[in-house]
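Derivation of every value follows stated rules applied to the coordinates shown; laboratory data play no part. Quick caveat: nothing in here was measured; it's all calculated off a predicted structure. Cβ sites come from the backbone with ideal geometry, for glycine too, and all protein chains shown count toward neighbours.
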Amino acid sequence: MLERIWTNLLELTAQFVTPDWTKIIGALPVIFVVLVLAVLVLVFRRLVRAPRARRGMQRIETKAPAGVHMPGPTLSPAFAAMGTFLVLLGLVFGGVTLILGAIALTLTLLYWLAEGLRIYDHDIGPTASSVPAVIHDGPPPGVHMPGPSWRPFLGAFGVFLLFLGLVFEGWLLAVGVIALISTLVGWLTDAVQEYRRTVEADATGHLENGPAPRTPSRLLAVLTVLTIGAAVLQSSVFATGQANGGTGAPGSSSAPVASAALPASGAPASGGPAASAPAADVSVQAQGIKFVQASWTAPAGKPFTIAFSNEDPGTPHNIELKDAAGTAVFKGEVFSGVAIRTYNVTAQPAGEYKFVCTVHPTMTGTATLQ
């Protein structure tokens, strides 16, 4: 029961982590239409509920208050909206339509910019009075303002490397943890020094400003070298040897393989795998966070083997079989690509089964045992 709840939670979370961008992009026109209709309904509702205008037959001439500049009527917003529409139309149909849409949007925005500059030079430029610049030496007495610092940028960079490691795991995860800890420790050190200067100012009545921050070129260089080194170690050249040297997960039966021809069961993925598997009853490949073979057939009532090829470098996958009731009857070892494992599945009764990847629940397929 708990495993089923956890699987459903992973499937729900996967919709946000690895969404189907094709469907999302395809739904953009519908979303735009719904938003436009909602705005029109809201405007129409306000117009209906608005009180009647209390004025005579003579039209009231609009006049801006003194010192307030109001630009006159213009067609630039309509032209820009038309250019945006042509660009979105080009994104849907592609080809020449996209090029023409980009040109139209560029021309309309340039026209709007030229009109704005002309209005500024004609209406605002000659009438705007120059105000003398007031440059303060520092904050008012008794007010402490922290100086400029590189630490927020470095902290954000460390968080970025950490999330990068959480996605790709392995060496990148280690570099992400090191980067985040080093940047946060440096930030904490600066805060402690600033606090001590503030405490001293309470006694002396004079707050000493800290030294101007220097560009942390050394720390950035070290983090860059570590990130590049981790990416090289995480690449397929090194990941293959690491994946083949892993141990099997509890409750699964799998073995690393070396060389032989990949069976012809199922459709082959584009590009050859980095390793080849010995003959097996079923051959399944994972590539691009999905199973290349969406369905396959295996013998029922007796053990059979699955040659599973993970073609996603540094990304963990496995195969788990579930019966019609959703109960897991087999769970293969999770391993990172590019690598191949041979799963030894125990005898199962005939019927249709669902096979999924426990790490990426959106990877599903149908297995028929007969």
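Take the Cβ atoms of residue 231 and residue 18, set R0 to 22 Å, and the FRET efficiency comes out at 0.55.
Here the Karplus curve 6.51 cos²θ - 1.76 cosθ + 1.60, taken at θ = phi - 60°, turns the phi angles of region 356-370 into couplings of 9, 9, 5, 7, 10, x, 6, 7, 9, x, 10, 10, 10, 9, 8 Hz, with x standing for Gly and Pro.
Amide H to amide H distances under 5 Å link residue 348 with 301, 302, where only residues 5 or more positions off or on other chains count and H is placed in the peptide plane. Taking a label point 7 Å from the Cα of residue 325 along the Cα→Cβ vector, which residues of region 336-370 have an amide N closer than 17 Å to it? From region 336-370, the list is 348-354. Here the simple spin-label model places points 7 Å from the Cα toward Cβ, and for residue 46 and residue 362 these points are separated by 3.8 nm.
A Förster radius of 30 Å combined with the Cβ-Cβ distance from residue 217 to residue 181 puts the calculated FRET efficiency at roughly 0.95. Phi angles across region 279-284 convert, under the Karplus curve 6.51 cos²θ - 1.76 cosθ + 1.60 with θ = phi - 60°, into 3J(HN,Hα) values of 4, 9, 5, 9, 10, 10 Hz, Gly and Pro given as x.
For a straight C-alpha distance cut-off of 25 angstrom, the lysines reachable from residue 354 (same-chain residues fewer than eight places away being disregarded) are 23, 290, 302, 322, 331. Amide hydrogen proximity for residue 339: with H placed 1.01 Å from N in the peptide plane, the residues at 5 or more positions away or on another chain lying under 5 Å are 310. At full extension, residue 346 and residue 3 could sit 121.4 nm farther apart than now, given 0.36 nm per residue minus the alpha carbon distance. The HN-Hα couplings worked out from phi for region 328-340 by the Karplus form 6.51 cos²θ - 1.76 cosθ + 1.60 (θ = phi - 60°) are 6, 9, 7, 9, x, 5, 7, 8, 8, x, 8, 6, 10 Hz, whole numbers, x standing for Gly and Pro. A cut-off of 5 Å between modelled amide H atoms, ignoring neighbours fewer than 5 places along the same chain, links residue 290 with no other residue.
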